[in-house]
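Read the structure below first, then the notes.
The values are calculated or read from the model by the stated rules, or taken from the named source; none is laboratory data. Since the structure is predicted, the reported quantities are computational estimates derived from the model, not experimental observations. Backbone-built Cβ (ideal geometry, glycine too); neighbour counts: all protein chains shown.
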Amino acid sequence: MLGGSLEHQDSEEDGKRYCFVVDWYDAVASLTRRYQFLYYPKDKSVEMAVLSVHLLFVTMMKDITWEKMGHGVFGHDQTLGLLNSKAVPKMGEMLEFIQNKGLKITKMKMCVLTRAEAAEFCVGYKDKEFYLKLIDNMTSGPVVALELLGDDAICAWLRAIGPENAEEAVASAPLTVASQFGEANLCYGPRCAGEAAQQLEFFFPTSGGIIRRNSVVLEDCTCCVVKPHAVLSGLAPKIIKAITDAGFEITAIQMFHLERVCAEEFLEVYKGVVPEYPSMVTELTSGPCVAIALRAKDAPKAFREMTGPADPEIARHLRPRSLRALFGIDKIKNAVHCTDLPEDGILEVEYFFKILDR
């Protein structure tokens, strides 16, 4: 978590650098340790030093952009964004709408709730006239829970949702969800910081809470992973929209931060076969990725064709409308991973939504 003070210093050798005082929680020792965090914009490198003795804790690491440096609690608020089942087919457009409102999506998970779970979530609204309607909206199909981060995030998200009446929204609030998507009550947001914290904990437990059941369907499925460079560049909503526009059904979606051992295990089929394997692992662990379970007839083959060749330059010549042609940069940062072998479709989906999501 970034926090404390920020100062600007100029180094004659490297130019400008940014100095932070940061806290890092050591889970092994159960201690919060304080460090000096240095960022060098010139070569996008960072290093960390122990404040008390000025010893390096993290040596120079390069290719660390501002987007890869997560925001802490200072100057930003967190809130829950909940998209109900009617919003799921419009998920790509909805996520892009949220980003355009200046809100950063830092967690995401599609869940299926029982009425008992929905009642637990809605307990604070039990005396409200919309209580039963809210429960119905949360249990009529999968919902997508989002952690949203931004300045005055709670109020910003409520303003973005707009009036409960779609006609009123069109007339008086044209830039809201209700107006832009032609229907009210597609999404929900908490009213205060206390509610936001409690409801985020409900969907994204941090201390041994209940893991909400994901909505994955392991039939006619294949796996898509939106790579960290695309997520950090804000391209995930456009990629998701392109996928659903092509007729694929999203049965599960979740944001993950992969440890290296998990990325190595997931990509093991490429080890010793593809020379870029180490770089592929590094990319998949360089930031948040978005795993998506897709369903369609002959899904692995159909989605592999939509993804295009691994090299975006080749894709732009051979399949200019493919995902890698449209959103990829190079063979490593090529926007998305797709299941290559038909028999691996279920295995890759299970890896994220059965093994890692627990």
Next item on the list: Select from segment 201-212 the residues that are in contact with a helix residue (DSSP H, G or I) (Cβ under 9 Å, 6 or more places away or on another chain) and modelled with pLDDT of 95 or more and write down the one among them that is farthest from N334 (Cα to Cα).
Entry: F202
Notebook entry, point to check: Taking the stated definitions as given, is T114 modelled with pLDDT under 90 and β-branched (V, I, T)?
Noted result: no
Note to self: So, in segment 266-287, exactly how many residues are farther than 14 Å from H337 by Cα and either surrounded by 15 or more Cβ atoms within 10 Å (Cβ to Cβ) or hydroxyl-bearing (S, T, Y) (or both)?
What the structure shows: 2
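Okay, residues lined up against (1) more than 27 Å from I105 (Cα to Cα); (2) free of Cβ contacts under 8 Å to residues at least 24 places away in the same chain; (3) charged (D, E, K, R); (4) not assigned by TED's automatic domain parsing to the domain that holds V88:
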{"residue": "C289", "(1), (2), (3), (4)": "no, no, no, yes"}
{"residue": "I314", "(1), (2), (3), (4)": "yes, yes, no, yes"}
{"residue": "R321", "(1), (2), (3), (4)": "no, yes, yes, yes"}
{"residue": "F327", "(1), (2), (3), (4)": "no, no, no, yes"}
Notebook entry, point to check: Here are some conditions: (1) touching a Leu at 6+ places or on another chain (Cβ under 8 Å); (2) in contact (Cβ under 8 Å) with a residue 24 or more places away in the chain. D344 meets all but one. Which one does it not meet?
Noted result: (1)
